[in-house]
Amino acid sequence: MEFADPIIAAPSLLAADFARLAEEVAKVRSSGGDWLHLDVMDGHFVPNLTFGPLVISQLRPHSDLVFDVHLMVERPGDLLDEYLAAGADTITFHWEAEVHHHRLIQRIKAAKKLAGIALVPSTPVDALTAVLPYVDQVLVMSVNPGFGGQSYIPASTDRIRRLVELRKKHGWGYRISVDGGVNSGTMVEVAGAGADILVTGSAFFGAPDPAEYLRRLKSLRRSP
Ligand code: DX5
Ligand code: ZN
């Protein structure tokens, strides 16, 4: 990842009005969003439920945004083919939810999609070193997953820095995505630590001027 690459803004649909999903997706696009972050929750891995492949496949014809699918589910391999067929461009599953990480990464890559691994705030970054060479993105959860609108956990900043350090040391190629509590008050710190993708839910959908909010987010400087 080059320092010069612009920040990728990934508004999360979790904070949208679910009665008007297609319009909300259009708003992400017209406000300058790059990726659409889609939070899949199963009520087991996290204590909340959202949507699955059916909703994603029905949104697909309404948007040309990159569909960035974040699986917060147990046994992510079970419905992987369905998420791939639904039109996901990236699929990120949780390190804690799977034993055979490489097998899933291979399945995602065989479908020519980007493979991501996510970690909850209590998982040490260095526990992932065996999979880091093989993933396209690492999603750092900066809140405990399950709900939007929570506060950014400050220790996340050092975890982002550690991923930057490991990437540089080993010449690995993943992007670093940060998810949870990213807003006007935290975005400078998150970008400064070296994040490449900023996921933002409630701050985007609650912004008085969402386009201006994303302009600011995308113009942030990252650490060299
Ligand atoms: C949390 C989800 C996040 C969430 C972020 O479990 O993974 O993507 O939508 O929401 P905010 O930006 O409101 O913290
Ligand atoms: Zn997410």
>> The conditions are (1) farther than 18 Å from P11 by Cβ; (2) more than 8 Å from ligand 1 (Cβ to nearest atom); (3) part of a loop (DSSP other than H, G, I, E, B), and G146 fails exactly one of them. Which is it?
In response: (2)
>> Against the definition (modelled with pLDDT of 95 or more, acidic (D, E) and within 16 Å of A115 (Cβ to Cβ)), how does D89 come out, yes or no?
In response: yes
> Is it the case that the stretch 189-203 has a residue that's more than 15 Å from ligand 2 (Cβ to nearest atom), surrounded by fewer than 23 Cβ atoms within 10 Å (Cβ to Cβ) and farther than 11 Å from I160 by Cβ?
Replying inline: no
> Just wondering, is there one or more residues in the stretch 150-162 that are within 20 Å of M41 (Cβ to Cβ), in contact (Cβ under 8 Å) with a residue 40 or more places away in the chain and either within 16 Å of ligand 2 (Cβ to nearest atom) or within 13 Å of the chain's Cα centre (by Cα) (or both)?
Replying inline: no
>> I'm trying to understand the selection: among the residues of the stretch 134-151, which are open to solvent by 50 Å² or more (accessible area, probe 1.4 Å) and touching a helix residue (DSSP H, G or I) at 6+ places or on another chain (Cβ under 7 Å)?
In response: Y134, G148, G149
> Pick from the stretch 50-79 the residues that are over 17 Å from the mean Cα position of the chain (by Cα) and among the aliphatic types (A, V, I, L, M): which of them is surrounded by the fewest Cβ atoms within 10 Å (Cβ to Cβ)?
Replying inline: L54
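The values are calculated or read from the model by the stated rules, or taken from the named source; none is laboratory data. Quick caveat, the model's predicted, so the values are computed rather than measured. FYI the Cβ positions are ideal-geometry reconstructions off the backbone, even for glycines, and counts take in every protein chain you see. To get the accessible areas, we keep the full protein, side chains included, count just its heavy atoms, and leave off ligands, DNA and RNA. Shrake-Rupley method; radii C 1.70, N 1.55, O 1.52, S 1.80 Å.
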